[in-house]
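Asker: Shown below is the structure under consideration.
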Amino acid sequence: MIPASGSYQLANARVHRSLTPGLAAPFDADGFALAELAVADGKITNIVAQAKSKTEANAIDLGGRIVLPCFVDCHTHIDKGHIWPRRPNPDGTFMGALNATGADRTARWSAEDVARRMDFSLRSAYAHGTKAVRTHLDSVPPQEEISWPVFEAIREKWRGRIDLQAACLLGIEGVRDKAWFERLAKRVAAAKGVLGVVTYMVPDLEELLDQVFAEAIKHGLDLDFHADETDDVAAISLKKIAEASLWNGFEGNILVGHCCSLARQPDLDVLDTLDKVAKARLAVVSLPMCNLYLQDHRNNQTTPRWRGVTLLHEMRARGIKVAVASDNTRDPFYAYGDLDMLEVYRMATRILHFDHPVGDWPKAVAATPAEVMRLDGDGVLTAGGSADFIVFKGRSWTELLSRPESDRIVVRDGKAIGRQLPDYAELDELMVG
Ligand SMILES: [Zn+2]
């Protein structure tokens, strides 16, 4: 129904207040209003509240279907994606995931293996309506020499369809090898990447964080941390990152993922941490599906008793930028997933209570990650912006989030794209042995 000419008017499109900045319209309690969109030359040339009278004679009447901007997925691991068939998690625990993935990386992650799995993941993300992805890249020697050139090649291949960013990933102990870490930061800078580490409560955490900030400042890099992906209340590296940012006077963007232990800590400690996170202008991304899967997974005789996610509501109330993202897909950290940000939003709604009221939570899968990733104009619908959006069947939140919406229409540069998902069988030969 979207004309191949790429020049048309859409009437009765249901748009959300949080993702249509500047639109004056009678938004309802769920944040929705009906709008008319004009599209030409790959752009949204106009977006206005739906006129009460009749629509333009040749406009396509969407009948109140929801239209959202294309998604932005700011925390993924597409270098790990889809290894599950050859390397499952033996017991569903975090340590099981770490060990299984490490063994697989050492044994199997050639350039070809990584490239084919990354490409597979991006094809899924694109088909589901995502236009920008940040992936972490395991950068433990010698993997950094294999994966960063693969990332650069794939980013070029996907340019114009998915904006791909990468952050290096290593345990913060790796920073102790100062010369090697300096080389890694240089390599990341050469690839226009983001500097990332996983923080643990090691005795020299503050010194190591200072080294990370020093390299980021030296090369003008943004930062991306994995922090406190545990129920251990003694894990307070989110606070340590905020403090390090403040005393280093860091001015770049910082995204921190997980922060699970925060939800287990006493209120006074939480308040102190959130004050610092807000002051340091950190952004936080929660990974609800992966956290639900791995956290509180003790053994097969116990039932999980908490949801694993961090305190997004309390963060948002303090003006901290908050996002949700896919994290892992079909690897030992998460046995499922397909980089479908509608699934992430649906699960986040249930796990994190993004409802009653919905408020501005839709920004968490679009406008906010776009800001964190410095993708100007992504994640919103505005006049003059790219005509990159998704037309759903659902006309309300309950309709949208109750079905998989497998028949959604993804429009890129004003035109509907083919939405064929890659066939798992394509990866079979990589899974042998
Ligand atoms: Zn992650």
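The values are calculated or read from the model by the stated rules, or taken from the named source; none is laboratory data. Quantities reported herein were computed from a predicted structural model and do not represent experimental measurements. A quick note on method: Cβ atoms are made from the backbone with ideal geometry, for glycine too, and the neighbour counts reach across all protein chains shown. Accessible surface is based on the protein model in full, side chains and every heavy atom, while ligands, DNA and RNA are left aside. Shrake-Rupley method; radii C 1.70, N 1.55, O 1.52, S 1.80 Å.
Asker: Once R0 is set to 35 Å, what does the formula 1/(1 + (r/R0)^6) return for the Cβ-Cβ distance between residue 48 and residue 161, expressed as a FRET efficiency to the nearest 0.05? Display every interim value, and only then the final one.
Answerer: Working: r = 29 Å, r/R0 = 0.83.
Between residue 48 and residue 161 the formula returns 0.75.
Asker: Run a plain Debye calculation on segment 1-154 (Cα atoms as equal point scatterers, no solvent) and give log10 I(q)/I(0) at q = 0.09 Å⁻¹, rounded to two decimals, same order as the q list.
Answerer: Treating every Cα as an identical point scatterer, log10 I(q)/I(0) equals -0.50.
Asker: Just from its helices, what would the mean residue ellipticity at 222 nm be for the chain, if runs of 4 or more DSSP H residues each count -39500 (n - 2.57) and the sum is divided by every residue, rounded to the nearest 500 deg cm²/dmol?
Answerer: Values: 13 runs with 141 residues, N = 433.
That calculation yields -10000 deg cm²/dmol at 222 nm.
Asker: Got a number for carbon plus sulfur as a percent of segment 226-323's accessible area, 1.4 Å probe? Kindly include the intermediate steps, with their values, before the conclusion.
Answerer: Working: 2060 of 4270 Å².
Roughly 48 percent of what the probe reaches on segment 226-323 is carbon or sulfur.
Asker: Calculate, in nm to one decimal, what residue 24 and residue 61 gain on full extension: separation in residues at 0.36 nm each, minus their alpha carbon distance.
Answerer: Result for the pair: 11.3 nm of gain on full extension.
Asker: Let me ask something additional. For an R0 of 35 angstrom, estimate the FRET efficiency from the Cβ-Cβ distance between residue 233 and residue 107 and round to the nearest 0.05.
Answerer: The calculated FRET efficiency here is 0.45.
Asker: Once both labels are modelled 7 Å past Cα along the beta-carbon direction, what's the residue 382-residue 140 spacing in nm?
Answerer: So the label points at residue 382 and residue 140 sit 4.3 nm apart.
Asker: With just the Cα atoms defining each centre, how far is segment 355-411 from segment 42-96? Give it in Å.
Answerer: 6 Å
Asker: Calculate, in nm to one decimal, what residue 374 and residue 407 gain on full extension: separation in residues at 0.36 nm each, minus their alpha carbon distance.
Answerer: Working it through step by step, the gained length comes to 8.8 nm.
Asker: Tell me the carbon and sulfur percent of the accessible area for segment 1-92, rounded to whole percent, probe radius 1.4 Å.
Answerer: Reported share for carbon and sulfur atoms: 50 percent.
Asker: Once each part is reduced to its C-alpha centroid, what is the distance from segment 252-276 to segment 126-146 in angstrom?
Answerer: Segment 252-276 and segment 126-146 have Cα centres separated by 26 Å.
Asker: Let me ask something additional. Residue 248 to residue 313: FRET efficiency via 1/(1 + (r/R0)^6), r the Cβ-Cβ distance, R0 35 Å, to the nearest 0.05?
Answerer: Efficiency computed from Cβ-Cβ geometry: 0.75.
Asker: Suppose we look only past 21 Å in the calculated P(r) of segment 171-299. What percent of the Cα-Cα pairs does that tail hold?
Answerer: 39 percent
Asker: Using alpha carbons only, how many degrees (0 to 90, rounded to 10) separate the axis of helix 341-352 from the longest principal axis of the chain?
Answerer: It is inclined by approximately 70 degrees.
Asker: Dipole size in debye (nearest 20) for the chain around its Cα centre, Lys and Arg Cβ +1, Asp and Glu Cβ -1?
Answerer: 980 debye
Asker: Sticking with this one: Calculate how steeply helix 205-219 sits against the longest principal axis of the alpha-carbon atoms of the chain, using the helix alpha-carbon long axis, and give the answer as 0 to 90 degrees to the nearest 10.
Answerer: 50 degrees
Asker: Taking a temperature of 10 °C and a viscosity of 1.306 mPa s, what whole-number D in µm²/s does Stokes-Einstein yield for segment 321-364 with Rh from Kirkwood over alpha carbon pairs? It would help to have the intermediate numbers written out before the result.
Answerer: Numbers: Rh = 11.2 Å.
Translational diffusion coefficient: 142 µm²/s.
Asker: Just add up the charged neighbours of residue 424: K/R +1, D/E -1, any other residue whose Cβ is under 11 Å from the Cβ of residue 424.
Answerer: Numbers: positive: 330; negative: 338, 423, 426, 428.
With Lys, Arg at +1 and Asp, Glu at -1, the neighbours total -3.
Asker: Leaving out same-chain residues fewer than 8 places away, which aspartates and glutamates sit with a Cα under 12 Å from that of residue 363?
Answerer: 73, 371, 378
Asker: Something else about it: Please state the relative contact order of segment 388-433 as a whole percent: Cα pairs under 8 Å, 6+ residues apart?
Answerer: Across segment 388-433, relative contact order equals 33 percent.
Asker: Let me ask you something else. State, to one decimal in nm, how far the label point of residue 99 lies from the label point of residue 299, with both points 7 Å from Cα in the Cβ direction.
Answerer: 1.4 nm
Asker: Give the Debye-formula value of log10 I(q)/I(0) at each listed q (0.07, 0.08, 0.12, 0.13 Å⁻¹), with one equal scatterer per alpha carbon of the chain, two decimals each.
Answerer: -0.34, -0.44, -0.99, -1.16
Asker: Can you give me the accessible area per residue for segment 235-299, using a 1.4 Å probe, in Å²? Kindly include the intermediate steps, with their values, before the conclusion.
Answerer: Numbers: 2360 Å² over 65 residues.
Value returned for segment 235-299: 36 Å² of accessible area per residue.
Asker: Something else now. Compute the long axis of helix 237-248 from its Cα atoms, compare it with the longest principal axis of the Cα atoms of the chain, and write down the angle in degrees, 0 to 90, nearest 10.
Answerer: It works out to around 90 degrees.
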